[in-house]
Amino acid sequence: MATILVTDDAAFMRMQLKDILTKLGHEIVGEAENGRLAVEKSAELNPDLITMDITMPEMGGVEAVREIKKHNPDAKIIMCSAMGQQGMVLEAIQAGAKDFIVKPFTAERIEEAVTKVL
Amino acid sequence: MNQYTAVFLDESREHLQAVNDHILKLEKEPHELALIEEIFRSAHTLKGMAATMEFADIASLTHQMENVLDSIRRGQLAVSTEIIDSLFLATEALEEMVEAIGAGQDGKKDVTALVGRLEQLEAGEDGPGASQSDGEQEQPALDELQTAMAAEAEKEGFFPYQITVTLSDDCVMKPVRAYMVSQAAGELGELIKTVPAAEELEAGTFDASFILFLLSQATVEEIHDAVSGVSEVMQVEVIPLKLTDKAANEENSQEETAATQVEEEAPAGQSATRKSKTIRVSLERIDDLMNLFEELVIDRSRLEELARLSGNNDLEETVEHVSRVSSEMQEIILQMRMMPVEQVFNRFPRMVRGLARELEKEIELDIAGAETEMDRTVIEEVGDPLVHLIRNSVDHGIEAPAERLQAGKPEKGKLSLRAYHSGNHVMIEIEDDGAGINRNKVESKAVENGLITTEQAQDLADEDVYKLLFSAGFSTADEVSDISGRGVGLDVVRNKIESLGGIISVASAPGKGSKFSIQLPLTLSILSALLVKVRDETYAVPLTSIVETILLEEASIMDVHGRKMMDYRDTVIPLVALREVFDVPGSSPEQKSQPVVVVQKGEKRTGLVVDSFIGQQEVVLKSLGSYLGDVFAISGATILGDGQVALIIDANALMN
């Protein structure tokens, strides 16, 4: 079981991820609706894993990965992207994100990503 | 999945509205990339949600919207009217689908035409797709130089490996996976070659598998584990290579596998979205709360009455406190039901734009006071009348550009929509700078329809003539147009506004334009009323329609053509005895002077004769229910403090 911080600007998406992750036996310790909050909360909660949406207001996912990595190089981040965001995903990976999943999510894919990253 | 639907709908609607707003702005500032970003972001979120909910049509349409927006963002496509139109059409289709889902349907819609249109737009100025590889497979072997490198490395304990990686079939972003695999392998040593070449891996122009050549000190197992650690990798094969040639001893820098193009991400959310702490509560709950509170208001009145009768001081004090607290609660609950009129105003920019294009007019819509709050029920009801009035202004009010130029006005017509609070009311005004109302036309039409005679028409003031517009079956459009001349006149608008307890009026100046003003109550369900006694029964008259109360001497009641009239401030107004209208049983007390409530609707006044005034009270309007249907001159009922039911009088109905 891991502690996870879920980041997405759509409450709907957060709800879904939360559901799937909880069913996989993990604990959602926080939710953030933009990159800036994710940076703050990751420092505060120090989760085992962070899921990170890419397109968000205030601060996007890629920038958030860079920020989080700056303060905590060991942070484990999985990007949640939609199709057509290849460039951004690549950037995020280069910035240190461990894996990515592409919407629409399947529970299997999420499970694979989480297991591999942890 | 049901639990998500409500959230999905809410968020989708919000995003669609944002898309709408931003497209409108984009039309005015086609070079504002921040707007494109915003639209893109909304479309993108919608796509993600829809795909998850398996609304394939929404997802495919938003996906294509994204492509077009992306082309614009990257400067490959310029914003044109056609693009704006297509985006609007797409948004409309999305709205339809979302609403269909809201109505419990499957949200399916044939979007192929729209998608095709967007695709065409995208392709229009878009060059041929990015680097197309010729697909020719290179020989999976090392060239001379690489062999040399390998040989050199071998001396230092680095062994060459050939790693064949197969990605899973449903892998979506192959290039990124390939990058991750390269990265994982690279951590164990040095990558000297990939097949296909690094550029092709980056472009994603390869089938499911690719080959890496790695110089490493790690074992086969270690390499295998590292590469398998990447998600969506289906199969990994690691083979140690045997070097055949002795290689030249040449130092060489190795080509980098990964492109290091670091693109600064545009500041997506520049709009300072102020964050106030909010929670979403379903409307039903607020309505339930409101209903329960209404019950409480009734009990409160009853409690006040009982406490007064008991003469117990402590009880009275407590009840008084309860009353105070509950008044404050009432305020808060009412506020919870308030929504900004924005909800209704939001749809107008697009509507006006559409109408203007259809009619080939140029119109600038100016909205002010969209943040003005009103009760939700009023907002829901007021939409249609406003649509009607706006259509009316666009169609009949504002002239065609040529006509405007002739009249010495700017080509572009101006339509203002304003909302503001005024006392216990909300005012909504729709003003245009068009031709104004043509008095003669209204007059002749009214005479034609038998509303007035020619003689009467001559005596009427301008305002009175304009008021005829609101009479039943009246339309002055030269020809029946698609926009507003559907035989539904402004009388429908007036009826609707009046049924909401509002008042509509119009002012106009020939050649300068006209202004429709609507006055609406802040809330509908709790109202202040004057309680009156009519024989054995109690009635409530809403304060909003009362002008004043009078004790009328029996002697000053006049009899005109069999109708009772009274003198009222230099005019004569009709008297209506409620006991007769409602056929109230019992007998009225003998009294020298008659209590009269003077009520008003527009300019019309009428005196309602009652037996006595009881006092002013907050009452909760309860509808009579469908089984009683429409009862003449009764708008609802309320329960009084003593448990009795009082009917609420619809004063408007008694005027005619």
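Annotations
- Within region B:499-517, tally of residues that are closer than 12 Å to B:Glu431 by Cα and not in a strand (DSSP E or B): 1
- From B:Leu654, B:Leu551, residue being touching a strand residue (DSSP E or B) at 6+ places or on another chain (Cβ under 8 Å) and within 19 Å of B:Gly502 (Cα to Cα): B:Leu654
- Within region B:76-99, tally of residues that are buried (at least 16 other Cβ atoms within 10 Å of the Cβ), part of a helix (DSSP H, G or I) and away from every other protein chain (no Cβ under 14 Å): 12
- Candidate set from region A:106-118 (those that are at the interface with chain B (Cβ under 7 Å from one of its Cβ atoms) and in contact (Cβ under 8 Å) with a residue 12 or more places away in the chain); member that is nearest to A:Ile54 (Cα to Cα): A:Ala113
- Lone qualifier among B:Leu405, B:Leu389 - being on the phi < 0 side of the Ramachandran plot, part of a helix (DSSP H, G or I), at pLDDT 80 or above and exposed (fewer than 13 other Cβ atoms within 10 Å of the Cβ): B:Leu405
- Residue check, A:Met56 surrounded by 16 or more Cβ atoms within 10 Å (Cβ to Cβ) and within 8 Å of chain B (Cβ to nearest Cβ): yes
- Among the residues making up region B:1-31, those that are within 18 Å of B:Ser282 (Cβ to Cβ) and of a type outside the set (D, E, K, R) are B:Met1, B:Asn2, B:Gln3, B:Tyr4, B:Thr5, B:Ala6, B:Val7, B:Phe8, B:Leu9, B:Ser12.
- Condition met for B:Ser276 (at pLDDT 50 or above, farther than 30 Å from B:Val319 by Cβ, surrounded by 19 or more Cβ atoms within 10 Å (Cβ to Cβ) and polar (S, T, N, Q)): no
- Only one entry in A:Lys103, A:Lys18 is within 7 Å of chain B (Cβ to nearest Cβ) and either farther than 26 Å from B:Asp70 by Cβ or not β-branched (Val, Ile, Thr) (or both), namely A:Lys103.
- Among the residues of region B:182-198, those that are assigned to a loop (DSSP other than H, G, I, E, B) and away from chain A (no Cβ under 14 Å) comprise B:Leu188, B:Pro196, B:Ala197.
The rows are residues; the columns are (1) away from every other protein chain (no Cβ under 14 Å); (2) closer than 30 Å to A:Ala107 by Cα.
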{"residue": "B:Ala18", "(1), (2)": "no, no"}
{"residue": "B:Asp21", "(1), (2)": "yes, no"}
{"residue": "B:Leu26", "(1), (2)": "yes, no"}
{"residue": "B:Pro30", "(1), (2)": "yes, no"}
{"residue": "B:Thr45", "(1), (2)": "no, yes"}
{"residue": "B:Gly48", "(1), (2)": "no, yes"}
{"residue": "B:Val68", "(1), (2)": "no, no"}
{"residue": "B:Arg74", "(1), (2)": "no, no"}
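- In the set B:Leu647, B:Leu624, only one residue is within 21 Å of B:Glu304 (Cα to Cα) and touching a residue at least 12 places away in the same chain (Cβ under 8 Å); that residue is B:Leu647.
- Every residue from region B:620-656 that is modelled with pLDDT of 80 or more and assigned to a strand (DSSP E or B): B:Ile634, B:Ser635, B:Gly636, B:Ala637, B:Thr638, B:Val645, B:Ala646, B:Leu647, B:Ile648, B:Ile649
- Residue within region B:174-185 that is closer than 30 Å to B:Leu35 by Cα, at pLDDT 80 or above, surrounded by 17 or more Cβ atoms within 10 Å (Cβ to Cβ) and in contact with a helix residue (DSSP H, G or I) (Cβ under 9 Å, 6 or more places away or on another chain) present: yes
- Annotation for region A:1-20: at least one member residue is over 13 Å from the mean Cα position of the chain (by Cα), surrounded by fewer than 24 Cβ atoms within 10 Å (Cβ to Cβ) and farther than 24 Å from B:Val7 by Cβ.
- Per the listing B:Ala218, B:Ala226, the residue uniquely at pLDDT 85 or above and crowded, with 17+ Cβ neighbours inside 10 Å is B:Ala226.
The values are calculated or read from the model by the stated rules, or taken from the named source; none is laboratory data. Here the structure is a predicted model, which means the values were calculated and not measured. FYI the Cβ positions are ideal-geometry reconstructions off the backbone, even for glycines, and counts take in every protein chain you see.
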